[in-house]
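To start, the structure itself, in structure tokens.
The values are calculated or read from the model by the stated rules, or taken from the named source; none is laboratory data. Just so it is clear, the model here is predicted, and its values are computed rather than measured. Cβ placement follows ideal geometry from the backbone for every residue including glycine, while neighbour counts extend to all protein chains displayed. Only protein heavy atoms, including side chains, enter the accessible area calculation; ligands, DNA and RNA are left aside. Shrake-Rupley method; radii C 1.70, N 1.55, O 1.52, S 1.80 Å.
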Amino acid sequence: MTQNVVLGMDVGGTNCRIGLITEDLQVLEFEIFPTEKVFSKDLNASINISNFIKAYLLRNLKDMNLLAVSIGFPSTISRDKKTVIQTPNIKNISDNFDAVDLLERELNCTVYVNKDTNNLLLYDMNELDINDYQDVCGIYFGTGVGNAVMINGKILTGHNGVASELGHLPVYGNRNKCTCGNIGCLETVISGLALVQLRNANFPQTELNEIFLKKSNTPEVCNFIKGMAQTVALQANIFDPECIILGGGLLMDGYFPFSDFEREIHASTRKPYPEKNMLLKYSHPTQINGVIGAGIYAYKRLKDVNYR
């Protein structure tokens, strides 16, 4: 019997990950490539991606039946889930990239696109066995601050499709310029990029991966952790979710001070609720999370044409 699969692709600022996802969410033929090799400076994004996917399928599809291609972008995505509006950290993806129409024409199959953190939230809810929860927030402290919010069982998209851009919340008094073009965005002071700047300015002799090990008691790093915690409390106070999922590269550091982080989250969250019964869960980051999340999203779209 021919096996049905969807192709899941996770486009990152550093790497692109790709695999074939079965209906029971197993990953086949997983591969990873540097993003700069996928997006050539000489070709437009649709040609780059379609060439990449065609070559991958030629190597790996074999006798399997491809149902759809599903791609997560580190981008703002239009409400109708067809256009990649802006991708600040990948220069060769132009603004207002008409992804679905162009790729469907190039690949001759159904194509879905989604914001990468929305796919990560779908993956994490499945992995953490909380698919029955209706109100969930995911916050991913990586290069920037990724965010996804589910309300009443539906991922929040907003009027234009660009909801949950927590990393681009303007912070009073912050004059740093963000990669999005605005001044004062949260992720210019609380993110992986901001941690690099903090290290360069205050601890230039300390390796970045040793900041939390050696400098957690300094005022600069304590304030950084407090800022991360206040970001979590902000979402808790606005959405009062059943669960907040926390992930991203900063939390993968083996010396990250989780106890201090959680203490500051509770200190900044409104009392008595939502602080009293706030549930925090941690993502288990691997290279395949976004690929499986893209697969979950595709199967939901295939099952329900109105699902976005």
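Using the average count of surrounding beta-carbon atoms within 10 Å as a protection proxy, the listed peptides 61-71, 185-195 rank, highest first, as 185-195, 61-71. When the Gaussian network model of the chain links Cα atoms closer than 10 Å, the mean-square fluctuations of Gly248, Gly295, Gly181 top out at Gly181. By a 1.4 Å probe calculation restricted to protein chains, Val221 has an accessible surface near 0 Å², given to the nearest 10. The spacing between segment 1-53 and segment 102-173, judged by their C-alpha centroids, is 19 Å. Taking label points 7 Å from Cα along the Cα-to-Cβ direction, Lys300 and Asp98 give a separation of 2.8 nm. Here the scattering of the chain is modelled by Debye summation over its C-alpha atoms, one equal scatterer each and no solvent; at q = 0.11, 0.12, 0.14, 0.16 Å⁻¹ the log10 of I(q)/I(0) is -0.68, -0.81, -1.08, -1.36. Between Pro274, Pro204, Pro170, the GNM of the chain built on Cα springs shorter than 10 angstrom shows Pro204 fluctuating the most. In this simple spin-label approximation, Asn131 and Leu156 carry label points 7 Å from Cα along the Cα→Cβ vector, and these lie 2.5 nm apart. Quantify, in whole percent, the carbon and sulfur part of the accessible surface of segment 97-167 (1.4 Å probe; protein heavy atoms only). Percent of accessible area from carbon and sulfur atoms in segment 97-167: 41. Of all DSSP bridge pairs formed entirely within the chain, close to 55 percent run antiparallel.
Projecting label points 7 angstrom from Cα along Cα→Cβ for Arg79 and Asn44 puts them 2.6 nm apart. When each of the peptides 10-17, 101-108 is scored by the mean number of other C-beta atoms lying within 10 Å of its residues, the order from highest to lowest reads 10-17, 101-108. Taking Glu275, Glu36 and ordering them by how much accessible surface each has at a 1.4 Å probe, largest first, produces Glu36, Glu275. Among Ile183, Ile90, Ile77, which one shows the highest mean-square fluctuation when the chain is modelled as a Gaussian network with alpha-carbon springs under 10 Å? Its mean-square fluctuation being the largest, the pick is Ile183. If you sort the three axes of the alpha carbon gyration tensor as a ≥ b ≥ c, you get a/c of 1.5 or more for segment 246-307 and a/b no higher than b/c, which makes it oblate.
Compute the FRET efficiency between Ala201 and Asn108 as 1/(1 + (r/R0)^6), taking r as their Cβ-Cβ distance and R0 = 41 Å, and round to the nearest 0.05. Between Ala201 and Asn108 the formula returns 0.20. Once the chymotrypsin sites (Phe, Trp or Tyr not before Pro) in DSSP loops with at most 14 neighbouring Cβ atoms within 10 Å are cut out of the chain, the longest remaining piece is 1-171.
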